[in-house]
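Student: Sharing a structure, written as structure tokens. Questions coming.
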Amino acid sequence: MEKAKEKKVLGIIALIIAIFALILSWVPIINNIAAIFAVLGIILGVIALVINRKNKKTIALIATILSVLSIIVVLATQGLYSKAIDDATGKSDKNVTSTASSTASSEKKDDTTKKTFKLNETVKQQKGTGN
């Protein structure tokens with residue numbers, strides 16, 4: 001009857017790590033550590049599944065599924081956080097870009113009237129000729 005029992009120790013450790021990873025996966029910056037815990041939970045869960053090939057594998061299977069779910073949550077929240085940062089900083093970049101492009105286009109218009117002068121050359125300005 002001893003063989004029919006699940007070898008639970010490795011599965012329980014994997015489950016604890018998976019739950020910890022799932023809890024931390026929602027927190028910005030710390031969810032990078034949660035991804036490491038999730039990978040560790042997957043590795044331990046798969047090892048527990050292999051060890052319990054012929055026995056019940058409930059705890060190891062739950063631990064593996066929770067670890068995979070933790071990685072999915074980490075990737076989704078990382079995407080959301082980076083999009084929020086891009087939106088917050090991207091709008092100011094667009095304004096700077098449009099201002100720079102309008103300045104550059106006005107400089108191009110001024111390039112046609114610019115002349116090169118030599119040092120100590122006197123310049124006389126003509127008033128309103130209209131041409």
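Student: Out of (1) within 30 Å of the chain's Cα centre (by Cα); (2) over 11 Å from Val68 (Cα atoms); (3) of a type in the set (A, V, I, L, M, F, W, C); (4) in a helix (DSSP H, G or I), what's the single condition that is false for Val9?
Tutor: Condition not satisfied by Val9: (1).
Student: Next question, about the same structure. For region 28-38, does any single residue satisfy the condition of being in contact (Cβ under 8 Å) with a residue 24 or more places away in the chain, in a helix (DSSP H, G or I) and open to solvent by 70 Å² or more (accessible area, probe 1.4 Å)?
Tutor: Taking every residue of region 28-38 in turn, at least one turns out to be in contact (Cβ under 8 Å) with a residue 24 or more places away in the chain, in a helix (DSSP H, G or I) and open to solvent by 70 Å² or more (accessible area, probe 1.4 Å).
Student: Sticking with this one: Tell me, which residue of region 43-60 that is in a loop (DSSP other than H, G, I, E, B) and touching a helix residue (DSSP H, G or I) at 6+ places or on another chain (Cβ under 7 Å) is farthest from Ile17 (Cα to Cα)? Give the steps one after another, and end with the answer.
Tutor: We begin by selecting, within region 43-60, every residue in a loop (DSSP other than H, G, I, E, B); these are 52-57.
Next, only the ones that are touching a helix residue (DSSP H, G or I) at 6+ places or on another chain (Cβ under 7 Å) stay: 52, 55, 57.
Working: Asn52: 19, Asn55: 22, Lys57: 17 Å.
Selected residue: Asn55.
The values are calculated or read from the model by the stated rules, or taken from the named source; none is laboratory data. Bear in mind that the values here come from a model prediction, so they are computed numbers and not experimental data. All Cβ positions, glycine included, derive from the backbone under ideal geometry; neighbour counts span all protein chains shown. Side chains are part of the model used for accessible areas, which takes the heavy atoms of the whole protein and leaves out ligands, DNA and RNA. Shrake-Rupley method; radii C 1.70, N 1.55, O 1.52, S 1.80 Å.
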